[in-house]
Amino acid sequence: MGLEEIEQKEYFSIGDVKRITGVPEYSVRYWEAEFGLIKPIRKESGHRRYTKNDVYTILKIKDLIYKHKLTLEGAKKQLSKYQFPSAGEQKTRTNVKILEEIKETLEELLKEC
């Protein structure tokens, strides 16, 4: 499991997210509510479908909490600098930079596994 699997699919079930990230389903759901950065698409059946960005965000939160030993509040402060700009601002350049930073962090994590 890793970046290769994330890049091969567009949407992921919560089971896929658990397998890829190693984060329990209940934690994924809790982080979804607590951080407000993970926004899965809901199917008519109510099942969540996570995007690649959601999976990368979950991996970043996991890194901050487990590797860097931050509290939830500390992780929220760190992630606040990764929040996307509001409409009308120069989104593309900022978003690409943020995603590149997240990708670098994830690659470092994968090397440690």
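Of all residues being under 19 Å from L106 (Cβ atoms) and without any contact (Cβ under 8 Å) to a residue 24 or more places away in the chain in the stretch 41-77, which is surrounded by the fewest Cβ atoms within 10 Å (Cβ to Cβ)? Just the residue, please. So that I can check it myself, show each step before the final result.
Narrowing the stretch 41-77 to residues under 19 Å from L106 (Cβ atoms): 50-70, 75.
Add one more test, that the residue is without any contact (Cβ under 8 Å) to a residue 24 or more places away in the chain, and what stays is 64-66, 68-70.
Details: L64: 20, I65: 17, Y66: 12, H68: 10, K69: 8, L70: 17.
Only one residue fits best here, namely K69.
Scanning the stretch 34-76 for residues that are part of a helix (DSSP H, G or I) and among the basic types (K, R), which turns out farthest from I20 (Cα to Cα)? Break it down stepwise before answering.
If we filter the stretch 34-76 for residues that are part of a helix (DSSP H, G or I), which is where we start, we get 34-35, 52-67, 72-76.
Next cut, among the basic types (K, R) only: 52, 60, 62, 67, 76.
Numbers: K52: 11, K60: 13, K62: 12, K67: 17, K76: 22 Å.
Looking at the filtered set, the residue picked out is K76.
Residue by residue through the stretch 1-12, note down the ones that are surrounded by 11 or more Cβ atoms within 10 Å (Cβ to Cβ) and either free of Cβ contacts under 8 Å to residues at least 12 places away in the same chain or assigned to a loop (DSSP other than H, G, I, E, B) (or both). Even if it seems obvious, please write down each step before you answer.
Here is the first cut: in the stretch 1-12, the ones surrounded by 11 or more Cβ atoms within 10 Å (Cβ to Cβ) are 1-3, 5-6, 9, 11-12.
Matches in the stretch 1-12: M1, G2, K9.
Quick check on the stretch 13-23: of everything there that is part of a helix (DSSP H, G or I) and not hydroxyl-bearing (S, T, Y), which residue is surrounded by the most Cβ atoms within 10 Å (Cβ to Cβ)? Even if it seems obvious, please write down each step before you answer.
Let us first name the residues in the stretch 13-23 that are part of a helix (DSSP H, G or I), namely 14-21.
Checking which are not hydroxyl-bearing (S, T, Y) leaves us with 14-20.
On the way: I14: 19, G15: 9, D16: 17, V17: 23, K18: 17, R19: 13, I20: 19.
Per the criteria, the residue is V17.
Exactly one of these conditions fails for Y26: (1) part of a loop (DSSP other than H, G, I, E, B); (2) over 20 Å from L109 (Cα atoms). Give me its number.
Checking Y26 against (1) part of a loop (DSSP other than H, G, I, E, B); (2) over 20 Å from L109 (Cα atoms), the one that fails is (1).
Can you tell me which residue among L79, L59 is within 11 Å of the chain's Cα centre (by Cα), at pLDDT below 90 and of a type outside the set (S, T, N, Q)? Full working, then the answer.
Working: L59 fails: at pLDDT below 90.
Only one candidate qualifies: L79.
The values are calculated or read from the model by the stated rules, or taken from the named source; none is laboratory data. Keep in mind that what you see is a predicted model, and the values were worked out from it rather than measured. Quick reminder, even Gly has a Cβ in these numbers, built from the backbone with ideal geometry, and neighbours come from all protein chains shown.
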